[in-house]
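The values are calculated or read from the model by the stated rules, or taken from the named source; none is laboratory data. Fair warning: this is a prediction, and the values are worked out from it, not measured in the lab. Don't worry about glycine lacking a Cβ; one is built from the backbone with ideal geometry, like all the others, and counts go over all protein chains shown.
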Amino acid sequence: MTREVRTDPGPKVAAHHRAGSGVTRVPYPIGVRRATITAITSVTPAMTRVTFGGDGLNGLHTYQADDHVRIVFPDPDGTRRDPVPNADDMLDWPDPFPPTRKYTIRRYDPVTSELDLDFVLHEGGLASTWVRNATVGEEVTIAGPPGAMAFAQTYGHYAFVVDATALPALARWLDESPADVSAHVVVFDDERAYPLAERERVTVTYDEPDAVRGLPLPEGTFVFAAGEATALKPVRTWTRGRFDNLVTGYWKRGVAAHSDD
């Protein structure tokens, strides 16, 4: 079996952003880190931002707006079963798999080694319960990111279809994209208070996912859709063969720790 090359991913993602087309997978060297909560802030009534810091976050690789990490939680009895790095720049996970949840990186500052993750609050749930009780100074294990599904910045227009869980990816993309980027955004969640950078050529509407079909999308649009998996099925079907796209189910109603393959 050929060993996957995970070294120096930043220039590879940048090259695809600058001159590529479609989506390309760029693997990262996968780390596991201990980080400390340095701040907890309310972004909206239903979303909380946790800022992590510390030397353990030095050198974290993240170059794509929807990169994600896993928070590794202890077992119910408090036992920690964290993964360990191996010689292939990947992680060896214990069996059975420990409790984890994936979160999109809203912001990473390589100078200060600060990492922001935004949590959607809901009743019950492992991560939601944890974040309601989290405290500044608490240490957390963070694994990843595993790599990027990088989509090019060469398109004349973009369409985003996202729910609240994908707003951090959208917000980071707006922050990091060229100033003259053109896009339509459909948010199928009533999270109007979530802060998004204003762009002259970006229009944001709040509607059902299928509303994207009625937008005046020019030929050559790239479609990014992320959020609840079942809600995105019509979008996935509609984009196939019509637009270059990346459609990802971040979660599935009624399913804990959903993974979209």
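Going by the conditions given, is A169 surrounded by fewer than 22 Cβ atoms within 10 Å (Cβ to Cβ) and either assigned by the TED database to the domain that holds R236 or in contact with a strand residue (DSSP E or B) (Cβ under 8 Å, 6 or more places away or on another chain) (or both)? Against the criterion (surrounded by fewer than 22 Cβ atoms within 10 Å (Cβ to Cβ) and either assigned by the TED database to the domain that holds R236 or in contact with a strand residue (DSSP E or B) (Cβ under 8 Å, 6 or more places away or on another chain) (or both)), A169 does not qualify.
For (1) surrounded by 12 or more Cβ atoms within 10 Å (Cβ to Cβ); (2) assigned to a loop (DSSP other than H, G, I, E, B); (3) of a type outside the set (S, T, N, Q), each residue gets a yes or a no:
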site: W173; (1), (2), (3): yes, no, yes
site: D180; (1), (2), (3): no, yes, yes
site: D189; (1), (2), (3): yes, yes, yes
site: A193; (1), (2), (3): no, yes, yes
site: E198; (1), (2), (3): no, yes, yes
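Number of residues in the stretch 81-101 that are part of a strand (DSSP E or B) and on the phi > 0 side of the Ramachandran plot: the value is 0. Residues in the stretch 91-119 that are surrounded by fewer than 17 Cβ atoms within 10 Å (Cβ to Cβ) and not charged (D, E, K, R): P94, P96, F97, P110, V111, T112.
Hydrophobic (A, V, I, L, M, F, W, C), outside the structural domain of L121 (by the TED database) and modelled with pLDDT under 95: which single residue out of A257, A226 fits that description? Answer to the selection: A257. Residues that are closer than 29 Å to A193 by Cα and not β-branched (V, I, T) within the stretch 2-51 comprise A35, A39, S42, P45, A46, M47, R49, listed in sequence order. Looking across the stretch 136-145, just one residue is surrounded by fewer than 22 Cβ atoms within 10 Å (Cβ to Cβ) and either at positive phi or not assigned by the TED database to the domain that holds D82 (or both), and that is G137. The combined condition, being modelled with pLDDT under 95 and not aliphatic (A, V, I, L, M), is fulfilled by E123.
Residues in the stretch 149-163 that are within 12 Å of T221 (Cα to Cα), crowded, with 20+ Cβ neighbours inside 10 Å and of a type in the set (G, A, S): A159 alone. Considering only residues that are touching a helix residue (DSSP H, G or I) at 6+ places or on another chain (Cβ under 6 Å), surrounded by 18 or more Cβ atoms within 10 Å (Cβ to Cβ) and not hydrophobic (A, V, I, L, M, F, W, C), which ones fall in the stretch 200-231? P209, G227, listed by residue number. Considering I105, I71, I37, the condition of being touching a Gly at 6+ places or on another chain (Cβ under 7 Å) and of a type in the set (A, V, I, L, M, F, W, C) is satisfied by I37 alone. Of the residues examined, P234 is not one that is over 24 Å from D118 (Cβ atoms), in contact (Cβ under 8 Å) with a residue 40 or more places away in the chain and surrounded by fewer than 18 Cβ atoms within 10 Å (Cβ to Cβ). Only one of the listed residues (N133, N58) is within 20 Å of V13 (Cβ to Cβ) and either outside the structural domain of T36 (by the TED database) or surrounded by fewer than 21 Cβ atoms within 10 Å (Cβ to Cβ) (or both). That residue is N58.
Can you tell which of T154, T104, T165 is within 30 Å of R213 (Cβ to Cβ), part of a helix (DSSP H, G or I), touching a residue at least 40 places away in the same chain (Cβ under 8 Å) and not aliphatic (A, V, I, L, M)? After applying the criteria, what remains is T165.
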